[in-house]
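Structure first, commentary second.
The values are calculated or read from the model by the stated rules, or taken from the named source; none is laboratory data. What you see is a predicted model; the values in this text were computed from it and never measured. Neighbour counts are summed over all protein chains in view; Cβ atoms, including those assigned to glycine, are modelled from backbone coordinates with ideal geometry. Side chains are part of the model used for accessible areas, which takes the heavy atoms of the whole protein and leaves out ligands, DNA and RNA. Shrake-Rupley method; radii C 1.70, N 1.55, O 1.52, S 1.80 Å.
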Amino acid sequence: MVTSNKIKAAQFVPCRNSAAMVSSSTLAAAKKAAELRSSGIQVIDLSVGEPDFDTPEFIKDLAIKALKQGYTKYTPSAGAETFRSNIARYFSENFDSDIRPTEVVAACGGKQALFNAICTLLDSGDECLIPSPYWVTFPEIVKFIGAKPIFINTAQNDFLLTAEMVAAAATDKTRALIVNSPNNPSGRVISPEEFRRIVEVCAEREIFVIADECYLYFVYPPARVFSAASLEPELRQWVAIAGSFSKTFSMTGWRIGFTIACEAWSKEIAKLQSHSATHPTSFVQIACAEALCHTDEMRAALDSMLQEYLRRRDYFVPALKRINGFELIMPEGAFYAFVDVRQLLQGGFANSAAVADALLAEAHIVVTDGAGFGSDGFLRFSYAASMEKLEKAVSEMKRIFGVK
Ligand code: PLP
């Protein structure tokens, strides 16, 4: 029984930094899809940034084994020893480098890896270069800690960041650059040569590079898989890699990722994490560490997913190009098609969000508006959806907009 008569009705007012955060536009699109579905409507959801495959059986089995073996307690906040050493060995062997376990810190997905790397590097007032279009989360983390996102518009170069663009945007306040290749939302892949030049330009100016390698393996020939782990030590010391198992092995719900950065940075990351998530789930770490030793099964699982994404891309992108008012570049990586719909704006649509709304209202197709990625006038279509859904979406869009 409350005896005080001085207690008022609570008015929750978020702190300034949280209030200023913009909700994720990708999650907003997913919410719209869920609402339609719950009212019994069949939705063609092309908004999701999530593989539509199940996690490979051998990884599930490894997690069950780890659980039964009793890996159910805290691990060190930087991650279990075997997780750190197996990631270090895997990257060293596959990317011809020399990564030490002390340079690896486990994280609850690529998102937390990025959060950890950014929050331990930037002070308020620091400038952080972000190529645009960008993944929605990058500027929100940077702003949350009081640093300043400086966008580099890559549209003039078909969404490919160059070392010259970075050099032109850098100032004496620039502390970091966040690069994401293969890119969400554009699907573009920076060549290994250009990536090296970008890091060189940054290192010369004492700018750290945060390389988001969430889609590391989602690269279609002739583009090549490239990890910043393969940079020479003089360059790699300026880079933190944010890695993730989410897309690679279709493990989005498991929440497991990692950073690879110099020891001093990794220590700060582990410290920060010890006061937040503590560490990712213990038996998930053990399962992933073990999975890295099952090279053949890993390769087979990845190859079968990649083949299917490639098949879908090769159908979907040319089909989108034939739709009236749609322009796009063939993406070399990830599983997104980033469509320029600006021609449709001359035909009566106010902006790309209005085009997305029309797709939703007239055909129950859910896509993500480009404005959230810093590119009004564009729509992001995910082809992490079945061929059947992609074909249905294409035939509906032909009906709505006509063909060229
Ligand atoms: N980076 C990019 C570019 C992404 O698209 C995503 C997820 O969509 C992530 C990082 C984070 O993924 P996760 O936290 O599931 O590893």
Legend entry - Surface accessible to a 1.4 Å probe, per residue, for the residues of region 192-318, Å²: 39 Å²
Legend entry - ILE152 long-range amide H proximity, modeled H, under 5 Å: ILE130, SER132
Inset, instruction - Pop out the carbon and sulfur fraction of the accessible area of region 1-108 as a percent, whole number, probe 1.4 Å. - result: 55 percent
Inset, instruction - Counting only heavy atoms of the protein chains, get the accessible area per residue of region 77-126 (1.4 Å probe) and round it to a whole Å² value. - result: 39 Å²
Legend entry - Net charge contributed by nearby residues that have their C-beta within less than 11 Å of VAL179 (K/R +1, D/E -1): -3
Inset, instruction - Could you pull out every residue, at least 5 positions away or on a different chain, whose amide H is within less than 5 Å of the one on ASP45? Hs are placed 1.01 Å off N in the peptide plane, and Pro or chain starts have none. - result: VAL366
Legend entry - Highest-MSF residue in the chain out of ALA163, ALA19, ALA113 [GNM, Cα springs under 10 Å]: ALA19
Legend entry - Percent carbon-and-sulfur accessible area, region 164-225, ignoring ligands, DNA and RNA, probe 1.4 Å: 50 percent
Legend entry - Quotient of Cα Rg and 2.2 N^0.38 Å for region 304-376, N being how many residues it contains: 1.17
Legend entry - Vicinal HN-Hα couplings computed from phi for region 90-102 (Karplus, 6.51 cos²θ - 1.76 cosθ + 1.60; Hz; Gly/Pro x): 4, 5, 5, 6, 7, 10, 6, 9, 9, 8, 9, x, 5
Legend entry - Loop chymotrypsin sites (Phe, Trp or Tyr not before Pro), region 154-216, which have at most 14 other Cβ atoms in a 10 Å radius of their Cβ (DSSP): none
Legend entry - Straight-distance crosslink candidates among lysines, where the alpha carbon sits under 23 Å from LYS173 and sequence neighbours closer than 8 are dropped: LYS143, LYS148
Inset, instruction - Give the distance, in whole Å, between the Cα centre of region 329-397 and the Cα centre of region 219-289. - result: 31 Å
Legend entry - Cα lying deepest toward the dipole's positive end in the chain, options LEU36, ALA301, GLN156, charges on Cβ: LEU36
Inset, instruction - Grab the beta carbon distance between SER39 and GLU388, set R0 = 30 Å, and tell me the FRET efficiency rounded to 0.05. - result: 0.85
Inset, instruction - Rounding to the nearest 20 debye, state how big the charge dipole of the chain is about its Cα centre with +1 on each Lys and Arg Cβ and -1 on each Asp and Glu Cβ. - result: 1260 debye
Inset, instruction - Determine which lysines satisfy two conditions relative to LYS73: a Cα distance under 29 Å, and not lying fewer than 8 residues away in the same chain. - result: LYS60, LYS65, LYS111, LYS247, LYS267, LYS271
Inset, instruction - Whenever you get a sec, compute what percent of the accessible area on region 297-404 sits on carbon and sulfur atoms (1.4 Å probe). - result: 50 percent
Inset, instruction - Taking every pair of alpha-carbon atoms in the chain, give the share separated by more than 30 Å as a whole percent. - result: 43 percent
Legend entry - Burial order of peptide ranges 270-276, 136-142, 333-339 (average beta-carbon count within 10 Å, highest first): 333-339, 136-142, 270-276
Legend entry - Hits among aspartates and glutamates - C-alpha to C-alpha of LYS8 under 20 Å, sequence gap 8 or more where chains match: none
Inset, instruction - Compute the label zone of LYS173 within region 104-129: residues whose backbone N is under 13 Å from the point 7 Å along Cα-to-Cβ. - result: 123-129
Legend entry - Per-residue [θ]222 nm for the chain (sum of -39500 (n - 2.57) over DSSP H runs n ≥ 4, rounded to 500): -12500 deg cm²/dmol
Inset, instruction - Step through the residues of region 240-250 one at a time and calculate ³J(HN,Hα) from phi using the Karplus curve (6.51 cos²θ - 1.76 cosθ + 1.60, θ = phi - 60°), rounding each to whole Hz and writing x for Gly and Pro. - result: 10, 8, 9, x, 7, 8, 3, 8, 3, 10, 6
Inset, instruction - Take peptides 174-183, 387-396 and line them up by average Cβ neighbours within 10 Å, highest first, as a rough protection proxy. - result: 174-183, 387-396
Legend entry - Protection-proxy order for peptides 69-77, 278-286, each taking the mean of Cβ atoms within 10 Å per residue, highest first: 278-286, 69-77
Inset, instruction - Can you tell me how much longer the chain between ASN17 and LYS68 gets when fully stretched, taken as 0.36 nm per residue apart minus their C-alpha distance, in nm with one decimal? - result: 14.1 nm
